[in-house]
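Participant: Below are the structure tokens for one structure; questions will follow.
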Amino acid sequence: MESRDFVQSLERGLAILQAFDINHTVMTLTEAAARTGMTRAAARRFLLTLVELKFVGTDGKRFWLRPSVLNIGHAYLTGQPWWHVAQPIVEELARSTNESCSVCVLDGTDTVYVCRAAISRIVSSNLTIGSRIPAYCSAMGRALLAQLPPVHAKSLIDESPIQKLTPLTVTSRRKLMETVEKVRQQGFSLLDQELDLGLRALAVPIKLPSDNVVAALGISVHANRVSNEALMQNFLPAMLERARQISKSLQEMQRSQVSRAIQTDS
């Protein structure tokens with residue numbers, strides 16, 4: 001039920017922005033209306049308003065996102081102190097392992113990439129900051145779910161639209177909960193070709209000094225180059241160490257902020 005303060009026009013304007021994706025980078029008015037469930041007249045008003053605000057470009061018939069849209073996402077990243085700490089560590093880990101490394105946070109039933117250092121040869125090289133993947137079928141997603149209270153994790157798995165993305169994808173919600181519990185106990189998540197055939201991934205949790213954010217550090221490799229055993233032996237120790245570095249830096253940053261606040265108040 002919407003509250004009396006809910007602004008429907010803002011919701012519909014954001015729906016227009018979110019209608020653009022990798023498969024719909026350019027849309028006609030008719031396509032935008034169909035993807036958002038709006039009438040052509042309503043979609044036209046919102047699109048032209050976004051054009052005026054320089055969030056959307058147009059040639060009179062087609063529409064596309066403009067770079068100004070990035071200001072919204074960049075404001076989120078720069079407003080998160082842990083992003084400044086994590087990104088250089090992720091880049092260093094990618095260089096030292098020669099594999100793609102990322103940090104994800106949980107947003108509903110999805111994982112969202114917030115730090116990324118990609119190696120071009122990896123299967124999922126099209127993933128970038130802001131990309132979303134269902135949590136149930138990704139290594140980082142399961143590491144994130146394992147940080148939540150079991151009841152909360154189960155609720156998110158129950159809400160997830162489960163699909164069999166590969167022949168190896170676990171689709172039983174009961175088995176997924178068992179896997180999340182195993183990840184919680186062992187402290188890491190290993191995924192073998194459940195998201196993409198030919199892709200293995202390893203993830204570890206990052207402890208953040210916040211009750212509202214959970215994060216995970218992950219690495220992705222080609223299955224034909226790196227076995228599960230090699231992934232564990234060669235990469236897990238380095239990943240656990242980098243996760244500790246991020247956590248330690250964030251704790252020190254938080255203590256410094258608290259100390260400055262106390263000095264200012266006094």
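The values are calculated or read from the model by the stated rules, or taken from the named source; none is laboratory data. Every value quoted in this text rests on a predicted model; they were computed, and no experiment measured them. Heads up, the Cβs are rebuilt from the backbone with ideal geometry, glycines too, and the neighbour counts pull from every protein chain shown.
Participant: Can you tell me which residue within region 151-195, out of those that are surrounded by fewer than 19 Cβ atoms within 10 Å (Cβ to Cβ) and among the acidic types (Asp, Glu), is nearest to ASN224 (Cα to Cα)?
Facilitator: Only one residue fits best here, namely ASP192.
Participant: Conditions: (1) at pLDDT 95 or above; (2) within 17 Å of the chain's Cα centre (by Cα); (3) hydrophobic (A, V, I, L, M, F, W, C). LEU195 meets all but one. Number of the miss?
Facilitator: Here LEU195 meets the rest and fails (1).
Participant: On to the next question. Of a type in the set (A, V, I, L, M, F, W, C) and either modelled with pLDDT under 90 or in the same structural domain as ILE133 (by TED's automatic domain parsing) (or both): which single residue out of MET38, MET1 fits that description?
Facilitator: None of the others qualify; the one that does is MET1.
Participant: Could you tell me whether region 29-40 includes any residue that is surrounded by 15 or more Cβ atoms within 10 Å (Cβ to Cβ), in a loop (DSSP other than H, G, I, E, B) and in contact (Cβ under 8 Å) with a residue 12 or more places away in the chain?
Facilitator: Yes, some residue in region 29-40 is surrounded by 15 or more Cβ atoms within 10 Å (Cβ to Cβ), in a loop (DSSP other than H, G, I, E, B) and in contact (Cβ under 8 Å) with a residue 12 or more places away in the chain.
Participant: Let me ask something else. Might you check whether a residue that is in contact with a Phe, Trp or Tyr (Cβ under 8 Å, 6 or more places away or on another chain) and of a type in the set (Phe, Trp, Tyr) occurs anywhere in region 9-27?
Facilitator: Yes - at least one qualifying residue is present in region 9-27.
Participant: Continuing with this model, one more query. Scanning for something outside any loop (DSSP other than H, G, I, E, B), more than 22 Å from the chain's Cα centre (by Cα) and either modelled with pLDDT of 90 or more or β-branched (Val, Ile, Thr) (or both), does region 245-259 turn up at least one residue?
Facilitator: Yes: region 245-259 contains one or more residues that are outside any loop (DSSP other than H, G, I, E, B), more than 22 Å from the chain's Cα centre (by Cα) and either modelled with pLDDT of 90 or more or β-branched (Val, Ile, Thr) (or both).
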